[in-house]
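Down below is the structure, laid out as structure tokens.
The values are calculated or read from the model by the stated rules, or taken from the named source; none is laboratory data. Nothing here was measured: the structure is a model prediction, and the numbers come from that model. Every residue, glycine as well, gets a Cβ built from its backbone with ideal geometry; the counts of neighbours run over all protein chains shown.
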Amino acid sequence: MNDTPLRLSHRTQDIQPFHVMNILAQARAMEAAGRSIIHMEIGEPDFPTAPAIVEAGIRALRAGHTHYTPALGLPELREAISRFYRERYAVDVSPARIVVTPGASGALQLVLAMLINPGDRVLVTDPGYPCNRHLVRMTEGEAVGLNVSAETGFQPTAQQVAAAWSERTAALLLASPANPTGTLIAPALMRDILEVVTGQRGCMIVDEIYHGLVYEAQPAATALALSDRVFVVNSFSKYFGMTGWRLGWLVVPEPYASHADKLAQNLFLAASTPAQYAALAAFQPETIAILETRRREFAARRDYLIAALRELGFDVPVTPGGAFYVYADCRRFSSGSYDFAAEILEKAGVALTPGADFGHNLPERYLRFAYTTSIANLEEGVRRLRDFLARRPPRND
Ligand SMILES: Cc1ncc(COP(=O)(O)O)c(C=O)c1O
């Protein structure tokens, strides 16, 4: 190696890695050295992809479906997603507005590339999904954090959006249910926020990736029921249990479809072909029955974990209505959740994600617990936490 410095773009330098990756790497190293670790840091379902989807993927490969599909996606899949909106949400979404993408990640990249000019501001919640800020940075936009707190269910109010809007603001990006808090935006609030955004001639992007994983009002209302002017991101990753297949979708207002097509052609040519054929089986009744059983299992885990964390002395200020996360306040035990997560991993063998991954708004207070593991593992994790906390001197700063 010579000593020529690496040439790195400013955007690469600006983008932060996930802190949780350090935790995960450390956890894996501890496991390799023989320690048992309970994983509550992982943001993907522990269940395997449902059998009918796997079989459809294998059949597609055997049938030679290994070439590109159209950039907007396999027509049958776009129709199946459209039918899903009609059957599950009673909302009419034309297949012409649906773009199949490599995960919600691809959908977010596409929609931001389509809407954002250098210097444009995009409002994102803080805490929020960390990639949002980084993807805005990739488009040379500026992510502006909307600090959200437990008082408003970790979602912004319409007044807050109005106050944060400026001449340079182009879009608002929300998620319901959200990562890391699992909280939803009620339809009335979504309507009020949409009114503010459209009043400003801005664009509203709603990430509905955790939509199927909702434990109270089911199904959660999609933002597409309110307006055909919103951009909706979704994915086969979470509810459909297909994280590794890399498949999602974006719904755009009709006038944007040809622009999305052009960008998709250039950004990724098309999403994975075998994954698209496999996903056709995701909407079959037998698959949905399996996914609904899993949803009930997630609900049981959520109920167990929230009660157990509260009993241990963590503050769970808002009961999350969806996703598979609990965002718990750990102030009673520590003034710094990053160090606390490292200590818990080291001394209790439980891996968690510190608030620092989700933004700048009081991250030191919070830990994210993911219930992407069995109730038996959650119980073991809680037992280890109880022992660890009992041994630990109380906070004295
Ligand atoms: C809120 C949110 N949006 C988007 C994604 C990206 O998911 P994928 O690209 O697997 O569909 C994630 C993944 O964790 C997420 O939590």
Breaking point among (1) part of a helix (DSSP H, G or I); (2) under 20 Å from the mean Cα position of the chain (by Cα); (3) in contact (Cβ under 8 Å) with a residue 24 or more places away in the chain, for Ala271: (1)
Cβ pairs under 6 Å, 6+ apart or interchain, first in the range 90-108 and in contact (Cβ under 8 Å) with a residue 60 or more places away in the chain, second of a type in the set (Ser, Thr, Tyr) and away from the ligand (no atom under 16 Å from the Cβ), ordered by first then second residue, are Val91/Tyr85; Val93/Ser82; Val93/Tyr85
Within the range 364-383, restricting to residues that are touching a residue at least 24 places away in the same chain (Cβ under 8 Å) and hydrophobic (A, V, I, L, M, F, W, C), the one that is surrounded by the fewest Cβ atoms within 10 Å (Cβ to Cβ) is Ile375
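Yes/no per residue for (1) modelled with pLDDT of 95 or more; (2) within 17 Å of Arg384 (Cβ to Cβ); (3) surrounded by fewer than 19 Cβ atoms within 10 Å (Cβ to Cβ):
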| residue | (1), (2), (3) |
| --- | --- |
| Gln16 | no, no, yes |
| Asn22 | no, no, yes |
| Gln26 | no, yes, yes |
| Ala32 | yes, no, yes |
| Ile37 | yes, yes, no |
| Pro51 | yes, no, yes |
| Val54 | yes, no, yes |
| Arg59 | yes, no, yes |
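Let me confirm something: among Thr287, Thr222, which residue is within 16 Å of the ligand (Cβ to nearest atom), touching a residue at least 60 places away in the same chain (Cβ under 8 Å) and among the polar types (S, T, N, Q)? Steps first, please.
Details: Thr287 fails: within 16 Å of the ligand (Cβ to nearest atom).
Answer to the selection: Thr222.
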With the checklist (1) polar (S, T, N, Q); (2) without any contact (Cβ under 8 Å) to a residue 24 or more places away in the chain; (3) within 11 Å of the ligand (Cβ to nearest atom) in hand, flag the one item Asn234 doesn't pass. (2)
Among the listed residues Arg395, Arg386, identify the single one that is in contact (Cβ under 8 Å) with a residue 24 or more places away in the chain, surrounded by fewer than 16 Cβ atoms within 10 Å (Cβ to Cβ) and closer than 19 Å to Pro317 by Cβ. Arg395
Can you name every residue in the range 194-213 that is within 16 Å of the ligand (Cβ to nearest atom) and in contact with a Lys or Arg (Cβ under 7 Å, 6 or more places away or on another chain)? Ile209, Tyr210, Gly212, Leu213
So which of Glu151, Glu216 is in a helix (DSSP H, G or I), charged (D, E, K, R) and either within 16 Å of the ligand (Cβ to nearest atom) or under 25 Å from Tyr371 (Cα atoms) (or both)? Glu151
Scan the range 255-267 for residues that are farther than 11 Å from Ala96 by Cα and either within 16 Å of the ligand (Cβ to nearest atom) or not hydrophobic (A, V, I, L, M, F, W, C) (or both) and jot them down. His259, Lys262, Ala264, Gln265, Asn266, Leu267
Given the conditions (1) buried (at least 18 other Cβ atoms within 10 Å of the Cβ); (2) away from the ligand (no atom under 16 Å from the Cβ); (3) more than 30 Å from Gly202 (Cα to Cα), every one holds for Val252 apart from (3)
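I'd like to verify a number: residues in the range 316-358 that are of a type in the set (Gly, Ala, Ser), part of a strand (DSSP E or B) and either more than 30 Å from Gly212 (Cβ to Cβ) or out of contact with any Pro (no Cβ under 6 Å at 6 or more places or on another chain) (or both), how many?
If we filter the range 316-358 for residues that are of a type in the set (Gly, Ala, Ser), which is where we start, we get 321-323, 328, 334-337, 341-342, 348-349, 351, 355-356.
When the remaining residues are screened for being part of a strand (DSSP E or B), the result is 322, 328, 351.
Applying the additional criterion that residues be either more than 30 Å from Gly212 (Cβ to Cβ) or out of contact with any Pro (no Cβ under 6 Å at 6 or more places or on another chain) (or both) yields 328, 351.
Qualifying residue count for the region: 2.
In this structure, does Thr169 turn out to be within 16 Å of the ligand (Cβ to nearest atom) and either touching a residue at least 40 places away in the same chain (Cβ under 8 Å) or surrounded by 16 or more Cβ atoms within 10 Å (Cβ to Cβ) (or both)? Before the answer, list the steps.
Details: within 16 Å of the ligand (Cβ to nearest atom): no; either touching a residue at least 40 places away in the same chain (Cβ under 8 Å) or surrounded by 16 or more Cβ atoms within 10 Å (Cβ to Cβ) (or both): yes.
The answer is no for Thr169.
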